[in-house]
Amino acid sequence: MEIRKILWPTDLSHSSAAALSYVKSLARKYGAEIILVFVADDMSEHEPWYGEFETKHLKAFHDWIVKQAEERMEKLCKEDLEGCPYFRRRILSGDPAKQILRAIEEESPDIVVMTTHGMGGHFPFGSVTEKVVKHSPKPVMTVRPEK
């Protein structure tokens, strides 16, 4: 198997960083491109558990999440991926599992590398990872973060 393109979905949490060493190792070994994907969850699609939020507040919160993600991804790429010659970043919005699966279809990576769970990771296998593993047309390597 030859790996030329790696898709790394991350929520930029400590848990999801556990995949970094695997992504870097594969990229160096094969000279592969790394596509770093962050999905800003669209809060307007969720049930209003605590009452309705105004659209402008949801947009402002979403914009803040995207800005934070851009800054953190920039830092991650400069500090942790500089030894990997080819990488790019994508920030998507919507349902994380659906957007990751869409990115897999669009990018056609040779492998997807992600952790078993991200920031909400109190269970052995996160719901986003489970959906991606079940529905991905490409191989998915899962990494269990340390506790």
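For the reader, a short list of remarks on this structure follows.
- Complete set of residues in segment 62-84 that are open to solvent by 90 Å² or more (accessible area, probe 1.4 Å), modelled with pLDDT under 85 and farther than 17 Å from Ser16 by Cα: Lys78, Glu82
- Residue list for segment 15-54, filter: over 16 Å from the mean Cα position of the chain (by Cα), surrounded by fewer than 16 Cβ atoms within 10 Å (Cβ to Cβ) and at pLDDT 75 or above: Ser25, Arg28, Lys29, Gly31
- Per-region count, segment 71-96, residues within 27 Å of Tyr30 (Cα to Cα), assigned to a helix (DSSP H, G or I) and free of Cβ contacts under 8 Å to residues at least 60 places away in the same chain: 5
- A count restricted to segment 18-43 and to residues that are assigned to a strand (DSSP E or B) and of a type in the set (Ser, Thr, Tyr) stands at 0.
The values are calculated or read from the model by the stated rules, or taken from the named source; none is laboratory data. The structure displayed is predicted, hence computed values, not measured ones. Virtual Cβ from ideal backbone geometry, glycine too; neighbours counted across all protein chains shown. Areas reflect the complete protein model, heavy atoms only, side chains present, ligands, DNA and RNA absent. Shrake-Rupley method; radii C 1.70, N 1.55, O 1.52, S 1.80 Å.
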